[in-house]
Amino acid sequence: MTPGRLLLLLLLSCLPASPAQAAPGQEPLKLGFYLPAIRDANLADLKVSLGIWVTEIGKPHGLTVTTTTYADIAAMRQALDRAEMNFFTGPGMELAEVFTPEEIRSGYARRNKGVDEGIALLVSKASGIKSFADLRNKRLSRLSNDRLSDTFLEVQCIKAAGMACRDFLQMKEEKRDIQSVYNVFFGRADAALVSLATLRTANELNPQVGQRLQVLLDWKAKALMFGMMTRYTQDSYRNLILNSVTEAMKTPRGRQILELFKTDYLEPVDAEALQPYWALLREYHELRRNRMTRRK
């Protein structure tokens, strides 16, 4: 189950079962979802299945809630500029591309106890591959439509060979992250870029994965998926949202959802949690500029 689907569940749970009026002077909660990150999720089914929890959590807070999905990064940026969104959820890299540190307030990160969050580049121990440069013309399997994978790989390709990944690698995209692990395990790919959480799951399902595969490179952050408030969210309202989500996670249904998606807790964070993404993005742009300068 993907991080995007988990946060979608958690945020939809704040929706009241029937229209509720916010306290006088209180702004509506305008949720924005980055659609490509919500993989394999049926929004209608999710809303129905969460109906009971909606009643338990939504009504007591008396919140007016609206939700909007965005199919691309530019649409999210435009929504922020029009003040149409005060709480958004999406992957860290996409959010780092859309928002500056000054535009983000507090929010939540998806966390598991004792587990690092990030991505790992896997190869077979028997492959003889010792560095990223050894992957020239090799087959690499990765998650489709994922900006962190795009950016991380382009940084590595430029650093290793001064060229774009399309000229350096043979890339195969998968809809399910764990499929990339299996592609390397069964020899259908020479390398795989997957989340650290996916790698842990693969190891738990089949200990031979850890015996036969090794991490060539990794990149870590506070989380891969975030739910964050924007500069348009009132200060008092930010506290209300943070407290309501914290209380919701203490309920039996909240704990059930966390257990279902193998997530221990949602950790409160601020804009600092996205710094690794902004740093990777700066490195990417700097490498591209230097590459273009050398080509002139």
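Extension gain for the segment Arg282 to Lys138, taken as residue separation times 0.36 nm less the Cα-Cα distance, is 49.1 nm to one decimal.
Put a dot 7 Å past the Cα of Asp270, heading toward its Cβ, do the same for Thr66, and the two dots end up 2.9 nm apart. Structure note, pairs Lys172/Lys222; Lys113/Lys220; Lys130/Lys175; Lys159/Lys220: Cα-Cα distances above 25 angstrom occur for Lys172/Lys222; Lys130/Lys175.
Extension gain for the segment Ala160 to Arg111, taken as residue separation times 0.36 nm less the Cα-Cα distance, is 14.4 nm to one decimal.
Neighbour counts of other C-beta atoms within 10 Å: give me Met76, Met171 arranged from fewest to most.
Fewest-to-most Cβ neighbours within 10 Å comes out as Met171, Met76.
Counting DSSP beta bridges in region 68-193, what percent are antiparallel, to the nearest 5? Counting only bridges with both partners in region 68-193, antiparallel ones make up about 25 percent. Which parts of region 224-239 would a label at Glu102 reach, counting a residue when its backbone N lies under 13 Å from a point 7 Å out along Cα-to-Cβ? Inside the label zone: 231. For region 164-244, the list of chymotrypsin sites (Phe, Trp or Tyr not before Pro) that fall in a loop by DSSP and count at most 11 other C-beta atoms within 10 angstrom reads Phe186. Rounded to the nearest 20 debye, the dipole size of region 122-228 about its Cα centre is 140 debye, using +1 on the Cβ of Lys and Arg and -1 on the Cβ of Asp and Glu. Shown for Thr251, Thr201: other C-beta atoms within 10 Å of each C-beta, ranked fewest to most, produce the order Thr251, Thr201.
Annotation for region 194-229 versus region 262-294: alpha-carbon center distance of 18 Å.
How many angstrom separate the Cα center of region 135-166 from the Cα center of region 104-118? Computed from Cα coordinates, the inter-centre distance equals 25 Å. Given R0 = 22 Å, the distance between the Cβ atoms of Asn290 and Asp167 translates into a calculated FRET efficiency of 0.80.
Quick note: the coordinates plus some simple rules give every number you see, no bench work behind them. Small disclaimer: the values here were computed from a predicted structure and weren't measured. When we count neighbours, we look across all protein chains shown, and the Cβ atoms used for this are built from the backbone with ideal geometry, even at glycine.
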